[in-house]
Amino acid sequence: MAVRVRTLEQAAGWVDDVGVALLFPNGDYVLPSLWEAVAGHSDVERALRDEEGTYVSFTPEMEKVWTWKDDLPRHRLACVGLHVARTSSLVAPRLVSSVYALTEDARDTLEGLERDIADASIQLGRPASRRELRLLVGTDKRLGDRAINALQRKLVLTNAGLDSEGSGWGATLHDHFTRRWKQKLRRVPPRDEALIRLAAAVVRAAGEVSAADVAAALKLRRREAVETLERLEADGLAVPVTRDDLRLWTRAARGSRGRSPAAGSRSSPRRSR
């Protein structure tokens, strides 16, 4: 079994190894999760409760994951947000420019409330909570949060830590993506180059994938996922296999071309798609 993550520094190293990951396990995706790296299993245990079932505290594992989801982006140790798949995810800093390249067309067509919130974030010049962004543009929670989620998926906004001022739960801070990751965006690769880097990371992290797995993880059309995996195969970065008449790709052996497989990445049979 892989060594479990115990510290923030280890969490940052784990994200760098796997490249792209989820915050919590999700059966719709083959990506590993920070929860699994911390807990050593996929059953999410959120809270400790007393004999009457009353909430006492987070479990020790949940305390780590819940804290690090804010500390990692605050220190720029990982890019965190709704950026990969369709749920909360983590991207290694080395892949920030690649994941940014995939949403270029979406950012060119911002309109209405999304445009207003993006402009407000730029003008503010610092990270802000959802509530502050809503107040800046004069919108309600439902519409404002929908727009902020859309801006996260388009990599216009990204998580930047926690606003812990005041009582109660702290609020996630959102920063303009280009401001937060300016150093990593000095060179944004062409889309086809970005896809190769990201698909290679998915294959390494998952161990074995189908085209549907890669399409789901990177929000691609299946045809584009197939073409990208075939390029990885041609470059010696992935090896084709067939299981139950399903076409799959597995990570290349150590010592082959490209970055070696991530330590602790998982390799398990993929479900049919």
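The values are calculated or read from the model by the stated rules, or taken from the named source; none is laboratory data. Note that the coordinates shown come from a computational prediction; the quantities given were computed from them, not determined experimentally. Please note: Cβ atoms are built from the backbone with ideal geometry, for glycine as well, and neighbour counts cover all protein chains shown. Accessible surface is based on the protein model in full, side chains and every heavy atom, while ligands, DNA and RNA are left aside. Shrake-Rupley method; radii C 1.70, N 1.55, O 1.52, S 1.80 Å.
Where residues in the stretch 227-250 are assigned to a strand (DSSP E or B) and of a type in the set (Ser, Thr, Tyr), which of them is surrounded by the most Cβ atoms within 10 Å (Cβ to Cβ)?
Thr250
So which residues in the stretch 127-142 are open to solvent by less than 50 Å² (accessible area, probe 1.4 Å) and within 24 Å of the chain's Cα centre (by Cα)?
Pro127, Ala128, Ser129, Leu133
(1) closer than 21 Å to His174 by Cα; (2) touching a strand residue (DSSP E or B) at 6+ places or on another chain (Cβ under 8 Å); (3) not aromatic (Phe, Trp, Tyr): which one isn't true of Ala106, the others all being true?
So the condition that Ala106 fails would be (2).
Looking at the stretch 32-60 only, could you name the residues that are free of Cβ contacts under 8 Å to residues at least 24 places away in the same chain, closer than 29 Å to Leu195 by Cα and open to solvent by less than 30 Å² (accessible area, probe 1.4 Å)?
Once the filter is applied, which keeps residues that are free of Cβ contacts under 8 Å to residues at least 24 places away in the same chain, closer than 29 Å to Leu195 by Cα and open to solvent by less than 30 Å² (accessible area, probe 1.4 Å), the stretch 32-60 yields only Ser33.
I'd like to know if the stretch 8-28 contains one or more residues that are touching a Pro at 6+ places or on another chain (Cβ under 8 Å), surrounded by fewer than 19 Cβ atoms within 10 Å (Cβ to Cβ), under 21 Å from Thr158 (Cα atoms) and of a type outside the set (Ser, Thr, Tyr).
The answer is yes; a qualifying residue exists.
Only residues in the stretch 19-31 that are in a loop (DSSP other than H, G, I, E, B) count as the first member; pair them with residues that are of a type in the set (S, T, N, Q), Cβ under 7 angstrom, at least 6 apart or cross-chain, and list the lot.
If the second residue must be of a type in the set (S, T, N, Q), the pairs left are Leu23/Ser33; Leu23/Ser88; Leu23/Ser89; Phe24/Ser33; Pro25/Ser33; Pro25/Ser42; Asn26/Thr87.
Any residue at all in the stretch 45-57 that's of a type in the set (D, E, K, R) and part of a helix (DSSP H, G or I)?
no
Looking only at residues in the stretch 67-126 that are open to solvent by 50 Å² or more (accessible area, probe 1.4 Å) and of a type in the set (Lys, Arg), which one is nearest to Pro25 (Cα to Cα)?
Looking at the filtered set, the residue picked out is Arg86.
Look through Gly166, Gly170 and report the one residue that is small (Gly, Ala, Ser), modelled with pLDDT under 95 and either in contact with an Asp or Glu (Cβ under 9 Å, 6 or more places away or on another chain) or more than 20 Å from Trp66 (Cα to Cα) (or both).
Gly170
Quick check, is Leu173 within 24 Å of Tyr29 (Cβ to Cβ), among the aliphatic types (A, V, I, L, M) and open to solvent by less than 50 Å² (accessible area, probe 1.4 Å)?
In short, no.
If you scan the stretch 190-220, which residues turn out to be open to solvent by 20 Å² or more (accessible area, probe 1.4 Å), closer than 16 Å to Ala106 by Cα and in contact with a Leu (Cβ under 7 Å, 6 or more places away or on another chain)?
Across the stretch 190-220, the qualifying residue is only Arg191.
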